[in-house]
Each structure stands twice: as structure tokens, then as C-alpha cells.
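Asks: Can you read through this structure? Questions will come right after.
The values are calculated or read from the model by the stated rules, or taken from the named source; none is laboratory data. Computed from a predicted model, the values in this text were never measured in an experiment. Cβ sites come from the backbone with ideal geometry, for glycine too, and all protein chains shown count toward neighbours. Areas reflect the complete protein model, heavy atoms only, side chains present, ligands, DNA and RNA absent. Shrake-Rupley method; radii C 1.70, N 1.55, O 1.52, S 1.80 Å.
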Amino acid sequence: VQLQASGGGLVQAGGSLRLSCTASERTFNSFPMAWFRQAPGKEREFIAGIRWRGSATYYADSVRGRFTISRDDAKNTAYLQMSSLKPEDTGVYLCAAGRTIRDASRSREYDYWGQGTLVTVSS
């Protein structure tokens, strides 16, 4: 059971990136999924979460209105579309999935984690 994150890179402030998180098994299609960010010297931070079939989405205040989480269950993939990027968005973005999630923003509720993809936003 694996999650593979991709799509990170170097972008200028104000630019956009789309991250992908592909699951190795179709079982994940029923799991809530989320993106977290790990910046140097900071705690892991919740960015966005999505329920089964996209029935509900959640965002951190810092990214609401700029980032959009979505999923394509036919491709076992979740996405994070990031726009109007800021230097403070820099970090390693990790995708996660869990069987039962009560609070989407709590990292300890997730059972599976991808390896992360690095996003660097230059000023």
C-alpha cells in the first residue's frame, strides 16, 4: 500500500503548481485524503482534505481561496491545485490517506503517507 506524490518544483511567487498523489490500490478510493506541508524548522501543517467522492473538502485558512483539492477515483489520484503561490508556501508537501477520519486537520488520524514532493516558491 503506497502513496506516490509528484508535481513539486521551483516556481516564482504568484505562480501555480498542481500536485498529484496516486494510490497503489483502488481501496483508497473510499478513504479520506489530505495534503500536509512540512517546512524547515516548522511543525507539519494541514493544508487541505477531501472526503470520499469529494463529498466534502477542508482547507487551512492560509490557503483557502488559493488552493483547491480534488480527486479522480478512476485514477486512484488526488490533486492539489495551488495558485497565487507565496514564498511562505515553500515546503515538502505530503499526501495522506486514512480509513476513518474524524478531524481532517489532525495528522495522527491518517494511516498512510506518501514520501512528499518539494515545492519552492521564490520571491
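Asks: Could you sort 18, 37, 44 by their accessible area in this structure, using a 1.4 Å probe and putting the largest first?
Replies: On the way: 18 130, 37 15, 44 105 Å².
Of 18, 37, 44, the descending order of accessible area is 18, 44, 37.
Asks: What is the set of long-range amide H partners of residue 86 at a cut-off below 5 Å, with H atoms built 1.01 Å from backbone N?
Replies: Amide H neighbours of residue 86, under 5 Å, 5+ apart: 14.
Asks: Can I ask one more? Nothing charged except the Cβ atoms of Lys and Arg (+1) and of Asp and Glu (-1): what's the magnitude of the dipole of region 14-123 about its Cα centre? Round to the nearest 20 debye.
Replies: Working: 16 positive and 11 negative charges, 34 e Å.
Here the size comes out at about 160 debye.
Asks: Using r as the Cβ-Cβ distance of residue 26 and residue 105, and R0 as 35 Å, what FRET efficiency do you calculate, to the nearest 0.05?
Replies: Step by step, r from the Cβ atoms, then E = 0.85.
Asks: Also, I was wondering about something else. List the relative contact order of region 26-77 as a percent without decimals, with contacts defined as Cα pairs under 8 Å and 6+ residues apart.
Replies: Details: 66 pairs, mean separation 16.4, N = 52.
Reported relative contact order: 32 percent.
Asks: Could you report the accessible area of residue 111 in Å², rounded to 10, computed with a 1.4 Å probe on the protein chains as they sit in the structure?
Replies: The accessible area of residue 111 comes to roughly 80 Å².
Asks: Which whole-number value in Å² is the accessible area per residue of the chain, probe 1.4 Å? If you can, show how the numbers build up before the last one.
Replies: On the way: 6340 Å² over 123 residues.
Solvent-accessible surface per residue comes out at 52 Å².
Asks: Report the one residue of 101, 85, 48 whose Cα lies farthest in the direction of the positive end of the charge dipole of region 27-101 (charges on C-beta: Lys and Arg +1, Asp and Glu -1; origin at the Cα centre).
Replies: Going by the Cα projections, it comes out as 101.
Asks: Expressed as a rounded percentage, what relative contact order does the chain have, with Cα pairs under 8 Å and six or more residues apart?
Replies: 35
Asks: If you average 1/r across every pair of different Cα atoms in the chain and take the reciprocal, what Kirkwood value do you get, in Å?
Replies: 14.1
Asks: Quick one: Cα centre-to-centre distance for region 40-65 and region 85-121, in angstrom?
Replies: Distance between centres, Cα-based: 8 Å.
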